[in-house]
Amino acid sequence: VTSWNSIIAGYFQNYRPQEARSLFDKMPERNTTSWNSMISGYVKNNMLNHARKMFDMMPERNVVSWTAMVRGYIQEGAISEAESIFHQMPEKNVVSWTVMLGGLIQENRIDDARRLFDAMPEKDVVARTSMISGYCQQGRLAEARELFDDMPRRNVISWTTMISGYAQNLQVDIARKLFEVMPEKNEVSWTAMLTGYTQCGQVEEAYDIFERMPNKPLAACNAMILGFGQSGKVVEARRVFNQMGVKD
RNA sequence: GGCCAGAACUCUGGAU
């Protein structure tokens, strides 16, 4: 059963819902994970109505089934429906809460999001980072920073979120300070810092970051080229373009 | 110990 379930997920990842379905129909036995794979697969492929049918048909639902449906409605922008499902859930875990939190943030209902956040029975690093990200999107950096400082644990994503928040809100110097002290950086962190500089019109600094990057992913090259382009440095932009491995 | 659900960067496309 486990193998079949994996194949189903694989079909959906490759946008082949019909093949996933026919495999599902042929399976000699199914467990809750099989049904859940169908639901989340349909959600991924923007086929919420199919997901819902599966959800209604399945013999028993667990917290993953419910959470996938909440996520589906959020993705469709049907927030009140998502909230309704969320409140109907027989049990919720930290993931369910975080999905709902993300839905409110997506709707710019940041204060509602905060209330939900405060109501969470437990908050892990993902939930906290999501809330921080929401505040950053609204330019409410002080509140974001307070949550960040209070985190019991941070990972590279939490750090990058906070840095990016400062950078996007034109506080690139504060972003840089955090960037320098973060314990480990990945490609996204570097690119976020680079973008912060280009958006503040500090192309030299951006290029300095770019050069110091251990490797230069496509996203960083894109950001760098755009940064040069916006400040009229066409030659430099061209040079970066010519250096990149995969162009698109 | 294994991608059935959740958080971060650039661009593009789609939907509104």
| When you go through A:VAL1, A:VAL64 one by one, which is the residue that is touching a helix residue (DSSP H, G or I) at 6+ places or on another chain (Cβ under 7 Å) and either small (Gly, Ala, Ser) or more than 18 Å from A:GLU91 (Cα to Cα) (or both)? | A:VAL1
| query | Looking at the range A:109-139, which of its residues are surrounded by 16 or more Cβ atoms within 10 Å (Cβ to Cβ), of a type in the set (Lys, Arg) and more than 12 Å from RNA strand B (Cβ to nearest atom)? | reply | A:ARG114
| request: Go through the residues of the range A:137-151 one by one and say whether even a single one is touching a Cys at 6+ places or on another chain (Cβ under 9 Å) and among the polar types (S, T, N, Q). | output: no
| request: State which residue pairs qualify: first residue farther than 14 Å from A:THR67 by Cβ and inside the range A:27-41, second residue outside any helix (DSSP H, G or I) and hydrophobic (A, V, I, L, M, F, W, C) in any location, beta carbons under 8 Å apart, and separation of 6 or more residues or different chains. | output: A:MET27/A:VAL1; A:GLU29/A:VAL1; A:ARG30/A:VAL1; A:ASN31/A:VAL1; A:SER34/A:VAL1; A:SER34/A:MET27
| Can we say A:ARG61 is touching a residue at least 24 places away in the same chain (Cβ under 8 Å), surrounded by 18 or more Cβ atoms within 10 Å (Cβ to Cβ) and within 30 Å of A:ARG30 (Cβ to Cβ)? | yes
| query | Among the numbered criteria (1) part of a helix (DSSP H, G or I); (2) farther than 26 Å from A:LYS92 by Cβ, which single criterion is violated by A:LEU170? | reply | (1)
| query | So which of A:GLU76, A:GLU19 is within 30 Å of A:GLU122 (Cα to Cα) and surrounded by fewer than 18 Cβ atoms within 10 Å (Cβ to Cβ)? | reply | A:GLU76
| message | Can you tell me how many residues within the range A:203-239 are farther than 20 Å from A:GLN168 by Cβ, assigned to a helix (DSSP H, G or I), away from RNA strand B (no atom under 12 Å from the Cβ) and touching a residue at least 24 places away in the same chain (Cβ under 8 Å)? | response | 1
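Give the range A:172-202 a look and list any residue that's within 14 Å of RNA strand B (Cβ to nearest atom), closer than 17 Å to A:SER231 by Cα and either among the small types (Gly, Ala, Ser) or touching a Lys or Arg at 6+ places or on another chain (Cβ under 7 Å) (or both), or say none.
Result: A:GLY196, single match.
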| query | How about the range A:1-51: which of its residues are over 17 Å from A:TYR73 (Cα atoms) and assigned to a loop (DSSP other than H, G, I, E, B)? | reply | A:VAL1, A:ASN14, A:TYR15, A:ARG16, A:MET27, A:PRO28, A:GLU29, A:ARG30, A:ASN31
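Among what's in the range A:214-242 and is among the polar types (S, T, N, Q) and over 21 Å from A:ASN186 (Cβ atoms), pick the residue that is surrounded by the fewest Cβ atoms within 10 Å (Cβ to Cβ).
A:ASN242
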| field | Residue among A:PHE86, A:PHE12 that alone is more than 29 Å from A:ARG109 (Cα to Cα) and free of Cβ contacts under 8 Å to residues at least 40 places away in the same chain | value | A:PHE12
| query | Quick one: is A:ILE105 buried (at least 18 other Cβ atoms within 10 Å of the Cβ), within 15 Å of the chain's Cα centre (by Cα) and in contact (Cβ under 8 Å) with a residue 24 or more places away in the chain? | reply | yes
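Bear in mind that the values in this text are calculations on the coordinates, not laboratory data. None of these values were measured; they are calculated from a predicted model. Note that each Cβ is placed from the backbone with ideal geometry, even for glycine, and that neighbours are counted across all protein chains shown.
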